[in-house]
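Okay, structure first, notes after.
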Amino acid sequence: MIMGNFYLVFTRKEWANLCDSFLFSLSNDEINTIKGINDELSIKEVIEIYLPLSRLINFFIDSNFRHKEVIEKFLGKTINKVPYIIGISGSVAVGKSTAARVLQTLMSRYNKNNKVELVTTDGFLYPNTILEKKGLMKKKGFPQSYNISRLMKFVLDLKLGAKQVIAPAYSHSIYDILPKTSQIIQQPDILILEGLNVLQNVSDYPDNPYRIFISDFIDFSIYIDAIEDLLKKWYIDRFLKLRESAFTKSESYFCNYASLTKQKTITIAENLWNSINKINLKENILPTRERANVILTKTNNHFVYQIRLKR
């Protein structure tokens, strides 16, 4: 373990040793259900990376619960139940969704009574009709493409103890919001919020009049990191796999790509990466990395080789 200025830095082996041997794992069938279309996820990865991480988060949740008990004892009354919010951020194609699903599964097993919900901020993107009017279709995923006020209200209502909140749903197939579909969240014990820009704060928007951001309400945050060349490769690989699966469906926004040659598809994916995702990464996502409580750094095949834990 290396002692840095802000982070404790662990090798994979050092991190894996922090997992209790009696802790549960996932079966191969569960892993196949959880992992994304282009993610490599093995039982070894779950045991050595995600089990220690889930154990650490559970310690923080226990501490948070004790803090709530102290406040209630001081006030002499019970306060509203609010969820412990875990934020997961990182680039497009880095494996955020897979990590979120793994943690959701593992965290639900620490306490069978715990309700663990997963919400992606994709649902809070503006519909394509609005993005087109605003000239933001080529900025989809950038901060300005989200209905931040709706996302902010969603998180605030959760933290105020609302019995039920509603999250809009998004389809990557039609590349748009599903107007007649929503996710109903009813007072979970833990909420995992996964998205590109969940760690942004006031320093990113100095002129914001409200001075509050989603990151202000996240109790524990994770940033999944990798060098840009790998991110680009994973994005293109995923695009190629989608070309042979989701893009073949007539309702897919990208159905015209299904008939293209492999090389033409690669060229399109490279252009999309360079003109949209690379810029968003450098301008909006990567600058938030050092705000995370834990940074998981990946190498080839989505293999986490370094873990940084904020002091």
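The values are calculated or read from the model by the stated rules, or taken from the named source; none is laboratory data. This is a predicted model, so every value here is computed, not measured. Don't worry about glycine lacking a Cβ; one is built from the backbone with ideal geometry, like all the others, and counts go over all protein chains shown. Keep in mind that these areas ignore ligands, DNA and RNA; they rest on the heavy atoms of the full protein, side chains included. Shrake-Rupley method; radii C 1.70, N 1.55, O 1.52, S 1.80 Å.
For residues that are among the β-branched types (Val, Ile, Thr) and surrounded by 18 or more Cβ atoms within 10 Å (Cβ to Cβ), scanning just the stretch 215-237, find the one that is farthest from VAL119 (Cα to Cα). Steps first, please.
Initial filter on the stretch 215-237 (among the β-branched types (Val, Ile, Thr)): 218, 222, 224, 227, 236.
Filter once more, so that each one left must be surrounded by 18 or more Cβ atoms within 10 Å (Cβ to Cβ): 218, 222, 224, 236.
Values: ILE218: 13, ILE222: 15, ILE224: 17, ILE236: 25 Å.
Top of the filtered list is ILE236.
Here is a yes/no grid of residues against (1) modelled with pLDDT of 95 or more; (2) within 18 Å of the chain's Cα centre (by Cα); (3) within 23 Å of ASN64 (Cβ to Cβ):
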| position | (1), (2), (3) |
| --- | --- |
| ALA167 | yes, yes, yes |
| THR181 | no, no, no |
| ILE185 | yes, yes, yes |
| LEU193 | yes, yes, yes |
| SER215 | no, yes, yes |
| ASP225 | yes, yes, no |
| LYS233 | yes, no, no |
Item checked: Criterion: out of contact with any Ser or Thr (no Cβ under 6 Å at 6 or more places or on another chain) and closer than 30 Å to ASP62 by Cα - qualifying residue of LEU191, LEU230, LEU242 -> LEU191
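Mind checking whether some residue in the stretch 221-234 is part of a loop (DSSP other than H, G, I, E, B) and over 18 Å from LEU41 (Cα atoms)? Please lay out each step first, then the result.
Step one: of the stretch 221-234, the residues part of a loop (DSSP other than H, G, I, E, B) are 226-227.
Next cut, over 18 Å from LEU41 (Cα atoms) only: 227.
Within the stretch 221-234 (the criterion being part of a loop (DSSP other than H, G, I, E, B) and over 18 Å from LEU41 (Cα atoms)), the answer is yes, since at least one residue qualifies.
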Next item on the list: Mind listing whichever residues of the stretch 53-78 are free of Cβ contacts under 8 Å to residues at least 40 places away in the same chain and closer than 14 Å to ASN111 by Cα?
Entry: ARG55, PHE59, ASP62, PHE65
Notebook entry, point to check: Pairs, please: C-beta under 7 Å, at least 6 apart or cross-chain, first residue over 27 Å from ILE177 (Cβ atoms) and in the stretch 104-124, second crowded, with 20+ Cβ neighbours inside 10 Å and of a type in the set (Phe, Trp, Tyr)?
Noted result: LEU106/TYR50
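Filter the stretch 120-145 down to the residues that are in a strand (DSSP E or B) and open to solvent by 10 Å² or more (accessible area, probe 1.4 Å) and list them by number. Step through it out loud before you land on a result.
Narrowing the stretch 120-145 to residues in a strand (DSSP E or B): 120, 125, 140, 142.
If the condition is that a residue be in a strand (DSSP E or B) and open to solvent by 10 Å² or more (accessible area, probe 1.4 Å), then THR120, LEU125, LYS140 are the ones that fit.
Picking from ALA167, ALA100, which residue would you name as being among the small types (Gly, Ala, Ser), open to solvent by less than 50 Å² (accessible area, probe 1.4 Å) and closer than 30 Å to ALA258 by Cα? Walk me through how you get there before you give the answer.
On the way: ALA167 fails: closer than 30 Å to ALA258 by Cα.
Criteria check complete, one pass: ALA100.
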Notebook entry, point to check: Is one or more of the residues making up the stretch 60-76 part of a helix (DSSP H, G or I), under 22 Å from PHE220 (Cα atoms), open to solvent by less than 50 Å² (accessible area, probe 1.4 Å) and modelled with pLDDT of 90 or more?
Noted result: yes
Next item on the list: For the stretch 252-311, enumerate the residues that are part of a strand (DSSP E or B) and basic (Lys, Arg).
Entry: LYS298, ARG308, LYS310
Check: How many of the residues making up the stretch 238-259 are modelled with pLDDT of 75 or more, open to solvent by less than 100 Å² (accessible area, probe 1.4 Å) and over 20 Å from LYS138 (Cβ atoms)?
Finding: 4
Next item on the list: Starting from the stretch 299-311, take each residue that is open to solvent by 80 Å² or more (accessible area, probe 1.4 Å) and list its partners that are part of a helix (DSSP H, G or I) and among the charged types (D, E, K, R), counting only C-beta distances under 6 angstrom and pairs at least six apart or across chains.
Entry: TYR305/ARG12
Note to self: Need the failing condition index for LEU53 against (1) in a helix (DSSP H, G or I); (2) open to solvent by 30 Å² or more (accessible area, probe 1.4 Å); (3) at pLDDT 90 or above, just the number.
What the structure shows: (2)
Note to self: Could you go through the stretch 105-124 and let me know if any residue there is touching a strand residue (DSSP E or B) at 6+ places or on another chain (Cβ under 7 Å) and farther than 24 Å from LEU41 by Cβ.
What the structure shows: yes
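Mind checking which residues of the stretch 146-179 are hydrophobic (A, V, I, L, M, F, W, C), outside any strand (DSSP E or B) and either free of Cβ contacts under 8 Å to residues at least 24 places away in the same chain or closer than 17 Å to ILE85 by Cα (or both)?
LEU151, MET152, PHE154, VAL155, LEU156, LEU158, LEU160, ALA162
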Notebook entry, point to check: Which residue, of ILE79, ILE47, is among the β-branched types (Val, Ile, Thr), open to solvent by 50 Å² or more (accessible area, probe 1.4 Å), more than 17 Å from PHE220 (Cβ to Cβ) and part of a helix (DSSP H, G or I)?
Noted result: ILE47
Check: Before we move on, is SER173 on the phi < 0 side of the Ramachandran plot and either at pLDDT below 85 or surrounded by 21 or more Cβ atoms within 10 Å (Cβ to Cβ) (or both)?
Finding: yes
Notebook entry, point to check: What is the residue count in the stretch 94-119 for residues that are of a type outside the set (A, V, I, L, M) and either within 15 Å of the chain's Cα centre (by Cα) or outside any loop (DSSP other than H, G, I, E, B) (or both)?
Noted result: 11
